[in-house]
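Undergrad: Before I ask anything, here is the structure I am working with.
The values are calculated or read from the model by the stated rules, or taken from the named source; none is laboratory data. Because the structure is a prediction, the values reported are computed rather than measured. Don't worry about glycine lacking a Cβ; one is built from the backbone with ideal geometry, like all the others, and counts go over all protein chains shown. Ligands, DNA and RNA are excluded from the accessible area calculation, which covers all protein heavy atoms including side chains. Shrake-Rupley method; radii C 1.70, N 1.55, O 1.52, S 1.80 Å.
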Amino acid sequence: MEVLRVKGGTPLMGEIQASGSKNSVLAIMCAVLLCDGETILENVPNLSDVNTLMEILEETGVKGEWIAPNTLRFVNNGLTKWSVSEDLVRKMRASFSIFGPLLAKAGKAQIPLPGGCVIGARPVDQHLKAMGALGAEIKMLDGSVYAECPGGRLKGAAMFLGTRFGSTVGGTNAAIMAGALSSGTTIIYNAAREPEIVDLVMFLNKAGAKIRGVGTDIITIEGVESLQGVRYTCMTDRIESGTYLCAGAITRGKVTVKGIPPQSLAGLPSLLFDMGCDITLEGDSITVDARDRELRATHVITFAYPGFATDLQPAMLTLLTTAKGISYVKETVFDARFGFTQELTRMGADIKISGDTAIVSGVEKLSGARVIAGDLRAAGAMILGGLAADGMSTVEGLQYLDRGYENPVEKLVSIGAQIERVNTGA
């Protein structure tokens, strides 16, 4: 078993280059199903989720390979299969995102239901709602979703996705990809506005799609007959970048993340400023300076973009455990995202959970402990806790870390962290 050993107490100082966005890359890889011929994607992080999705695409007949560091080449000479094995879907819940483009391209699709996950229910009802609105006939078959396009092609339609309380990223992505090859016009109301959706649309439009309104809550798609493979550079990862900025703040250091548009971080820079950090924005880089600061408590609520990202909530909450005063963190997206806080209390954090809100009372110091990451973003939070703690911490559950952070040990060591990945032989 591999673990991280983290010795805390050292202020982090230096610069980190942001990696490609996991969430954006996975969506664009699914969209490759729609594109004929060769597609080359650049700025792709080498993560376990990316490699798993390559296996899934391979099952459908799309060939993929690494041709250079952070560069993938795909060849789609026609899909050979419209279903995916359950074993691969269980490896990565996001694999259900191939459902829409597979259906649009092949005329039928069968995907096993992914179920929930450790951060709460993540239903696919909005994916199915979008496909139904586009004319698909959908039924359940032995724990899988089967859908077919009458006449072999989806038909454009108007649809409202999500609920009156918020939009749906997965459902919006599914509708955009399926709508791109549908006949007629598709209009998505209450569309999600995340930067990753903008990146997906920029890729599709370069491939020949006709999509407008991206970045707003109404997206209009004029369906086309076919899309062609292109060369495309994917956006950088705002969640990874935000995690490293929180690492600079929690260690009372000074960290610059390069290659990330500050506006993609939504509310994080202003929250760090409210806590007492100096924030410098310069082009596509952002610097947090918390040297010699007594950071103060603040309040956080997660919400769809341009609100504060739920994926950054674990990192931000961990930072708040070291701030003076009482902070409130309200989680509106995932119903079980506070599970990681039990591990932080092992480090001496003072956290109480009341429904969808965490009440965080800042402590003077965290203490090193053995902790276990139960999901991807919890893994980042455990590392932050270890960097701030007195003494040595051991972080287990690195299979989650590998899903979403590219070379985290090397990046943190480059800015002064005392962290290493070791095999315990267990």
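Undergrad: Within the stretch 36-67, restricting attention to residues that are closer than 23 Å to Ser85 by Cα and of a type in the set (Ser, Thr, Tyr), which residue is modelled with the highest pLDDT?
TA: The qualifying residue modelled with the highest pLDDT is Thr60.
Undergrad: Tell me which residues, restricted to the stretch 76-97, are outside any helix (DSSP H, G or I) and under 20 Å from Asn43 (Cβ atoms).
TA: none
Undergrad: If we keep just the residues of the stretch 83-104 that are more than 23 Å from the chain's Cα centre (by Cα) and farther than 13 Å from Leu34 by Cα, which is surrounded by the fewest Cβ atoms within 10 Å (Cβ to Cβ)?
TA: Of everything passing the filter in the stretch 83-104, Ser85 is surrounded by the fewest Cβ atoms within 10 Å (Cβ to Cβ).
Undergrad: Just checking: which of the strands (runs of 3 or more DSSP E) contained wholly in the stretch 256-328 hold 2 or more residues that are buried (at least 21 other Cβ atoms within 10 Å of the Cβ)?
TA: 285-289
Undergrad: Looking at (1) open to solvent by less than 20 Å² (accessible area, probe 1.4 Å); (2) closer than 28 Å to Leu41 by Cα; (3) not hydroxyl-bearing (Ser, Thr, Tyr), which is the one condition that is false for Arg231?
TA: The failed condition is (1).
Undergrad: Anything in the stretch 360-388 that is under 20 Å from Thr302 (Cα atoms) and in contact with a Phe, Trp or Tyr (Cβ under 6 Å, 6 or more places away or on another chain)? List them, or say none.
TA: Hits for the stretch 360-388 are Asp375, Leu376, Ala378, Ala379, Ala381.
Undergrad: Here is a further query. I'd like the residue in the stretch 27-52 that is hydroxyl-bearing (Ser, Thr, Tyr) and either open to solvent by 20 Å² or more (accessible area, probe 1.4 Å) or assigned to a strand (DSSP E or B) (or both) and, out of all such residues, is farthest from Ser241 (Cα to Cα).
TA: Thr39
Undergrad: Could you list, in sequence order, the residues of the stretch 51-74 that are free of Cβ contacts under 8 Å to residues at least 60 places away in the same chain, among the hydrophobic types (A, V, I, L, M, F, W, C) and touching a Gly at 6+ places or on another chain (Cβ under 9 Å)?
TA: If the condition is that a residue be free of Cβ contacts under 8 Å to residues at least 60 places away in the same chain, among the hydrophobic types (A, V, I, L, M, F, W, C) and touching a Gly at 6+ places or on another chain (Cβ under 9 Å), then Leu53, Met54, Leu57, Leu72 are the ones that fit.
Undergrad: Going through the stretch 8-18 one residue at a time, which ones are among the small types (Gly, Ala, Ser) and open to solvent by less than 10 Å² (accessible area, probe 1.4 Å)?
TA: The answer is Ala18, and nothing else.
Undergrad: Which residue is most open to solvent (accessible area, probe 1.4 Å), if the candidates are limited to the stretch 384-413 and must be β-branched (Val, Ile, Thr) and under 25 Å from Gln17 (Cβ atoms)?
TA: In this case the residue turns out to be Val413.
Undergrad: Given the options Glu420, Glu343, name the one that is of a type in the set (D, E, K, R), in contact with a strand residue (DSSP E or B) (Cβ under 8 Å, 6 or more places away or on another chain) and assigned to a helix (DSSP H, G or I).
TA: One residue alone meets the criteria, Glu343.
Undergrad: Within the stretch 216-255, can you find the residues that are more than 30 Å from Ala379 (Cα to Cα) and either part of a loop (DSSP other than H, G, I, E, B) or of a type in the set (Asp, Glu) (or both)?
TA: Thr216, Asp217, Glu222, Gly223, Val224, Glu225, Ser226, Gly229, Val230, listed by residue number.
Undergrad: Now for a different question. Which residue is surrounded by the fewest Cβ atoms within 10 Å (Cβ to Cβ), if the candidates are limited to the stretch 194-213 and must be among the hydrophobic types (A, V, I, L, M, F, W, C) and under 19 Å from the mean Cα position of the chain (by Cα)?
TA: Val198
Undergrad: State which residue is surrounded by the fewest Cβ atoms within 10 Å (Cβ to Cβ) when the search covers only the stretch 123-165 and only residues that are in contact with a Phe, Trp or Tyr (Cβ under 7 Å, 6 or more places away or on another chain) and of a type outside the set (A, V, I, L, M).
TA: For the stretch 123-165, the residue satisfying everything is Lys139.
Undergrad: Identify the single condition in (1) within 21 Å of Leu245 (Cβ to Cβ); (2) touching an Asp or Glu at 6+ places or on another chain (Cβ under 6 Å) that Gln418 does not satisfy, given that it satisfies every other one.
TA: (2)
Undergrad: Out of all the residues in the stretch 353-365, is one or more out of contact with any Lys or Arg (no Cβ under 9 Å at 6 or more places or on another chain), under 30 Å from Thr216 (Cα atoms) and of a type outside the set (Val, Ile, Thr)?
TA: Checking the stretch 353-365: not a single residue is out of contact with any Lys or Arg (no Cβ under 9 Å at 6 or more places or on another chain), under 30 Å from Thr216 (Cα atoms) and of a type outside the set (Val, Ile, Thr).
Undergrad: Quick check on my filter: what residues within the stretch 350-368 are open to solvent by 30 Å² or more (accessible area, probe 1.4 Å), assigned to a loop (DSSP other than H, G, I, E, B) and not small (Gly, Ala, Ser)?
TA: Correct list: Asp356, Val363, Glu364, Lys365.
Undergrad: Starting from residues that are open to solvent by 40 Å² or more (accessible area, probe 1.4 Å) and assigned to a loop (DSSP other than H, G, I, E, B), keep the ones in the stretch 58-75 and report whichever is nearest to Pro45 (Cα to Cα).
TA: Residue satisfying both the conditions and the ranking: Asn70.
Undergrad: A follow-up question, please. So Val422 clears everything in (1) under 28 Å from Thr332 (Cα atoms); (2) of a type outside the set (Gly, Ala, Ser); (3) surrounded by fewer than 19 Cβ atoms within 10 Å (Cβ to Cβ) except one condition, right? Which one?
TA: (1)
Undergrad: Before we move on, is Thr345 at pLDDT 95 or above, within 23 Å of Ala369 (Cα to Cα), polar (S, T, N, Q) and surrounded by 16 or more Cβ atoms within 10 Å (Cβ to Cβ)?
TA: no
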